Ligand SMILES: NC(=O)C1=CN([C@@H]2O[C@H](COP(=O)(O)OP(=O)(O)OC[C@H]3O[C@@H](n4cnc5c(N)ncnc54)[C@H](O)[C@@H]3O)[C@@H](O)[C@H]2O)C=CC1
Ligand SMILES: O=C(O)CCC(=O)C(=O)O
């Protein structure tokens, strides 16, 4: 039984207008808490639609870049206010479309508002330096200039925050945008575009085209009218995006996977460590690139930690993200649920010991959703698939070590290096971890997930393209430096 009588059809947003795709085809976006509920229909766009969006962004670019930074910032303030007014509706749509709990969705939307205000302020900050010239009569300075049209390709796990932390700096520095959201959360993205429209941004400054990654995502990578591409998603696709952009000389920025460790030292506050492991690993159903995945515990406290962790996990309520007592919602899609269940199966086959969870949840009322039980494995060895690959689901892998040095070695034994935490009271342990942990985010007595919008965000090793997003770091990607020499 499908519930789609009230489902609306959402169009592409191009040049300040809502336009259907040239394909005349739409796709249903469904609720992962109940596969029979259609949230809305979104366009299955074609290369022709993308081309129109690029043209609109190119035409808007000339006037937009000529506006002063403060004037562009003013538009961002307006957008922030509109988004804030629609916060409840957008958050509820996000929960219905990708499953995270309503408080998390509201928190994420509020973060979107805060990001917009932060970058609105950036419009008033400096965009260059004066550098002494060897010519005493010359004036030498740098000026940051926009790149042109920026392609923004985003995943489904933070359908408001990630697009905004890319689009806001892109436009405040004078670029225009072609935005391709994940198809799984394209209705939420369309509601974000409704805010752009209501805020009165000039037509063409922000354009959205929905559709398949292989068509619209790849189309953005290959389009000669797009000067730069910013991407968040899987490392397989990220690599393709980077290679494609490099091949035609476009600038690119990639934010990809993680296999984030938490170390629980023998002197840790175990209650704090358990709470942070559960929150960092299982909130948003483990679907964060910063989610805790490997839990490396010193043997002296292993049993005590394990017992407390299992008690805490057993108390978690799984259910529809809209229900007020739900702690953890479903996986965002059937495909994602199958991926997670596949990793759990691999864990079992490779000899890890299942302590709790491990199955799909099909309790009455949840049988039509993509729910997976919160899952904890132990006896996980570094060579196992569940210790190496990003699972992106509610799965924790416990690993026991004797010494902290061993813990650090294990924590660094990964091709990823996004986020890492340690729980300890010892300053020496903390300093060693800060120095020797190869991760872009290093956190002490705090969970591995959680990003602050005013600080640089990005990973080491294969987690990113070695660049940083957010905070002041964003200017590095979204602008080019012009060095100017003037002699009177
Ligand atoms: N780092 C992160 O925040 C995220 C990581 N992931 C990881 O990726 C796995 C798979 O999730 P997916 O949704 O399939 O991620 P994905 O990497 O396929 O999708 C991310 C975005 O890239 C687009 N895309 C797909 N193929 C493309 C191509 N050839 N060229 C350009 N863009 C393309 C998608 O349409 C989407 O907008 C997850 O299990 C998780 O491990 C997924 C989402 C976010
Ligand atoms: O931890 C966070 O708040 C952000 C995580 C993130 O950027 C991601 O999962 O893509």
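With the convex hull of the Cα atoms taken as the outline of the stretch 260-452, the averaged projected area works out to 10.3 nm². Placing pseudo-labels 7 Å out from each Cα toward the beta carbon at residue 315 and residue 85 gives an inter-label distance of 4.2 nm.
Normalising by the residue count of the stretch 260-452, find the relative contact order in percent from Cα pairs under 8 Å and 6+ residues apart. After rounding, I find 31 percent.
Taking the C-alpha atoms only, the angle from helix 69-85 to the longest principal axis of the chain is near 50 degrees.
The stretch between residue 446 and residue 432 holds 3.4 nm of extra length on full extension. This uses 0.36 nm per residue minus the Cα-Cα distance. Under the shape rule built on the C-alpha gyration tensor, where the axes satisfy a ≥ b ≥ c, the stretch 294-372 is oblate, since a/c reaches at least 1.5 while a/b does not exceed b/c. Normalised by the number of residues in the chain, the average gap of Cα pairs under 8 Å and 6 or more apart makes the relative contact order 18 percent. The order of the peptides 462-472, 287-297 by mean Cβ neighbours within 10 Å, most packed first, is 287-297, 462-472. Is the shape of the stretch 38-166 rounded, prolate or oblate, going by the alpha carbon gyration tensor and its root eigenvalues a ≥ b ≥ c, with a/c under 1.5 for rounded and a/b larger than b/c for prolate? Taking the square roots of the gyration eigenvalues as a ≥ b ≥ c, the stretch 38-166 is prolate.
Packing, as the average of other Cβ atoms within 10 Å across residues, places the peptides 8-15, 244-251, 414-421 in the order 414-421, 8-15, 244-251, highest first.
In the stretch 1-150, Cα pairs under 8 Å separated by at least six residues give a relative contact order of 20 percent. Note on residue 388/residue 8: beta-carbon distance plugged into 1/(1 + (r/R0)^6) with R0 of 35 Å gives a FRET efficiency of 0.25. From the square roots a ≥ b ≥ c of the eigenvalues of the alpha-carbon gyration tensor of the chain, which class results: rounded (a/c under 1.5), prolate (a/b over b/c), or oblate? Oblate, because a/c is 1.5 or more while a/b does not exceed b/c. The angle between the Cα long axis of helix 161-172 and the main principal axis of the chain comes to about 20°, on a 0 to 90 degree scale. Between residue 62 and residue 24, the modelled labels are 3.5 nm apart [label points 7 Å from Cα along Cα→Cβ]. Our helix-only sum for the chain, with -39,500 (n - 2.57) per DSSP H run of n ≥ 4 divided by its residues, gives a mean residue ellipticity at 222 nm of -12000 deg cm²/dmol. Eigenvalues of the alpha-carbon gyration tensor of the stretch 1-50, scaled by 5 and square-rooted, set the equivalent ellipsoid semi-axes at 24, 10, 8 angstrom, largest first. Projected onto its three principal axes, the C-alpha set of the stretch 190-256 covers 37, 23, 20 Å, listed from the longest axis down. Taking one quarter of the surface of the C-alpha convex hull of the stretch 436-488 gives a mean projected area of 5.9 nm².
With coordinates expressed along the principal axes, the C-alpha atoms belonging to the stretch 151-266 extend over 57, 34, 28 Å, beginning with the largest.
Quick note: the coordinates plus some simple rules give every number you see, no bench work behind them. Not measured: the values here are computed from a predicted model. For neighbour counting, all protein chains shown are included, and Cβ atoms are generated from backbone atoms with ideal geometry for every residue, glycine included.
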